[in-house]
Amino acid sequence: MRQPRQSAATSTEGERLTPFEAVNFQFDRAADLLGLSEAMRVALKTPYREVMVEIPVICERGDLRTFRGYRVQHNLARGPMKGGLRYHPDMDLDEARALASLMTWKTAVVDLPYGGAKGGIACDPHAPEMTRRDLENITRTFVDRLQVFIGPNQDIPAPDVNTNAQVMAWIVDEYSKFHGFTPGVVTGKPIALGGSEGRESATGRGVAVVTAHAAKDAGLELDGATVAIQGFGNVGSWSARFLADMGARVVAVSDVEGAAYAPKGLDVVAAGDAARASGSVVATPGVEPIGNDDLLALDVDVLVPAALGHVIHAGNAGAVRARLIVEGANAPVTPAADEILAERGVTVVPDILANAGGVTVSYFEWVQNLQQFRWDADRVDEELLATLERAYRTVREVAEAKDVSLRTAAFVLAIRRVAAATELRGFQIGPSRG
């Protein structure tokens with residue numbers, strides 16, 4: 001008989017988990033509900049392939065530097081693997097594994113015909129010595145060494161932390177040197193190279209749409225509700241804009257330099273202008289500068305952590321006062337913090353549902369590339385809203401039927417779909433109760 005797994009809230013183990021172990025902690029909780037066999041657990045948790053490459057580059061200042069790049073391809077049972085590339089000093093293999101597995105479950109939650117992958121390069125694009133030419137050369141060398149493992153029918157990267165449409169354009173160009181012009185090798189490209197209308201804003205729009213559904217179910221009127229958003233990059237800034245358009249009062253936003261707080265509500269457009277002009281939202285006129293940790297503890301209705309992972313943990317979860325947390329970032333809440341928040345009655349909308357707008361419109365972009373036909377912005381938005389509403393309602397139904405959190409329900413739904421595809425492809429397992 002399988003031994004019961006230890007609660008993350010009752011042991012310091014919950015805070016010592018590596019990122020990949022933290023994802024698998026949530027996986028096992030859902031797999032227990034499904035009665036998943038041990039063989040299938042191993043099959044679904046084990047990455048399909050892990051690629052690690054060295055990237056030697058002669059930088060513009062004349063020195064030779066070597067960077068390390070990663071691509072973890074987690075699962076392909078439901079289709080080509082999909083996931084972003086992030087450029088960050090802390091990028092490592094375990095982080096790539098965790099994020100790749102989350103992509104497997106995310107694409108399954110919103111029922112896209114994809115598996116999961118993720119990767120990136122351990123570098124700091126914002127370092128003073130890093131030039132645009134250096135960044136381009138690093139990207140091209142990475143693609144040169146990775147190109148045999150990616151492609152529109154194998155693995156389709158996309159932007160993530162510190163990468164953007166320009167980086168995707170370099171990837172398309174470099175990949176095309178080996179395989180002919182292939183815009184479908186990545187998504188999140190400039191529109192001039194086969195990108196899609198609505199892709200840049202898609203993740204933030206999805207966060208706002210899911211927030212609206214979750215707020216309604218929680219008995220919270222979003223029009224006039226107070227919102228704090230940690231992170232003002234692509235996801236955070238677009239989330240702020242769309243939530244403000246829905247009538248929410250965005251009272252705080254932040255970036256790496258700190259947070260801007262305005263109890264009566266801040267001007268989201270002005271915050272964006274200040275960030276572009278000065279490098280930080282802290283320079284927004286008429287705001288009170290506070291720390292990022294202070295933002296997480298603000299007395300607001302909705303908290304959107306939209307920066308990096310593991311920012312809400314056992315040490316600060318008790319200080320969170322928001323009624324509703326919507327995960328704009330990947331894995332911003334640790335398993336131990338999840339337990340604490342649940343005990344306090346805080347609703348958490350998990351990342352694999354809340355921030356799935358980006359991969360959904362990436363799917364639309366890929367479809368357009370394969371069809372060599374473009375959709376207009378209205379069609380993209382209409383399809384996105386329908387996909388996310390359907391996914392949210394299905395997760396909510398599973399949560400109510402099994403009396404579990406939205407996170408566990410999302411994992412149950414995703415695992416059930418991936419396990420079914422794995423069985424159909426011929427993997428032999430024992431019976432399950434799901």
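The values are calculated or read from the model by the stated rules, or taken from the named source; none is laboratory data. Remember, predicted model here, so these are calculated numbers, not experimental data. Backbone-built Cβ (ideal geometry, glycine too); neighbour counts: all protein chains shown. For accessibility, only protein heavy atoms count, side chains too; no ligands or nucleic acids. Shrake-Rupley method; radii C 1.70, N 1.55, O 1.52, S 1.80 Å.
Assorted remarks:
- Candidates TYR363, TYR48, TYR175: whichever shows maximal mean-square fluctuation once the chain is modelled as a Gaussian network with Cα springs under 10 Å: TYR48
- Surface per residue (accessible, 1.4 Å probe) for the chain, Å²: 41 Å²
- Solution diffusion estimate, µm²/s, Stokes-Einstein, the stretch 10-127, Kirkwood Rh from C-alpha pairs, 10 °C, viscosity 1.306 mPa s: 102 µm²/s
- Taking amide H atoms as placed 1.01 Å from N in the peptide plane, the amide H of VAL348 lies under 5 Å from those of ILE325, LEU406, each 5 or more residues away in sequence or on another chain.
- Highest mean first, the peptides 311-319, 230-238 sorted by other C-beta atoms within 10 Å per residue fall in the order 230-238, 311-319.
- Solvent-accessible surface (1.4 angstrom probe) belonging to HIS88, in square angstrom, nearest 10: 40 Å²
- Surface share of carbon and sulfur [accessible, 1.4 angstrom probe, percent] for the stretch 194-255: 44 percent
- The three principal axes of the C-alpha atoms in the stretch 314-434 carry coordinate ranges of 51, 42, 24 Å, sorted with the longest axis first.
- Apportionment of accessible area to carbon and sulfur, the stretch 37-94, percent (1.4 Å): 52 percent
- Per-pair calculated FRET efficiency, R0 = 30 Å: ASP94 and GLU60 via Cβ, rounded to 0.05: 0.40
- Whole-number percent relative contact order across the chain, with pairs defined as alpha carbons under 8 Å at least 6 apart: 18 percent
- Taking trypsin sites (Lys or Arg not before Pro) in DSSP loop conformation with at most 12 other Cβ atoms inside 10 Å as exposed sites, the chain has its longest uninterrupted site-free stretch at 62-263.
- Sequence-ordered 3J(HN,Hα) estimates for the stretch 346-356 from the Karplus curve with 6.51, -1.76 and 1.60 and θ = phi - 60° stand at 7, 7, 10, 8, x, 4, 5, 10, 5, 9, 7 Hz, glycine and proline given as x.
- Projected-area mean, the stretch 115-176, by convex hull of Cα positions, square nanometres: 4.3 nm²
- Sorted from greatest to least, the principal axis extents spanned by the alpha carbons of the chain come out as 62, 54, 44 Å.
- For the stretch 219-331, radius of gyration divided by Kirkwood radius, i.e. Rg to Rh on alpha-carbons: 0.93
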